[in-house]
């Protein structure tokens, strides 16, 4: 079975991040967003998360924020003995890395991919301008 990706977040960020990624990479049936909505408590969110993973054997989870309710709920499941691979601080480069690594069948380094895509563009552009002067 193909590895699945669960996106968990405050509000609809996970749903919109999936949609934005699909604008670049096309439809992604292996990505499943689970949103913590304002009317949800931790128990409600846990029920939605468990329903999403119920029939999945091979998946990992990206959470929006370390220490936030979505991440904490999944963390508690891990501490209770569930075998869940969980990363916090999700962003689009991580999701694209998931898609690409799945397509070519290689292990992904999500932390490295996320970190290498944090760039102060002003510094990058300043470097280009200096190179143009040479």
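Structural remarks
- Subset of region 93-111 (residues that are in a helix (DSSP H, G or I), out of contact with any helix residue (DSSP H, G or I) (no Cβ under 6 Å at 6 or more places or on another chain) and surrounded by 11 or more Cβ atoms within 10 Å (Cβ to Cβ)): 96, 98, 100, 101, 102, 111
- Residue 2 meets each of the listed conditions (1) assigned to a loop (DSSP other than H, G, I, E, B); (2) at pLDDT 95 or above; (3) over 25 Å from residue 80 (Cα atoms) apart from (2).
- Residue 50 meets the conditions (1) surrounded by fewer than 19 Cβ atoms within 10 Å (Cβ to Cβ); (2) not in a helix (DSSP H, G or I) in every case but one. The failed one is (2).
- Entry remark, region 1-29: residues being out of contact with any helix residue (DSSP H, G or I) (no Cβ under 7 Å at 6 or more places or on another chain), closer than 24 Å to residue 68 by Cβ and touching a residue at least 40 places away in the same chain (Cβ under 8 Å) number 4 in total.
- From 126, 51, residue being out of contact with any strand residue (DSSP E or B) (no Cβ under 8 Å at 6 or more places or on another chain), modelled with pLDDT under 95 and more than 16 Å from residue 9 (Cβ to Cβ): 126
The values are calculated or read from the model by the stated rules, or taken from the named source; none is laboratory data. In this text the structure is predicted, and so the values were computed from the model without any measurement. Cβ coordinates were reconstructed from backbone atoms using ideal geometry, including for glycine residues, and neighbour counts include every protein chain displayed.
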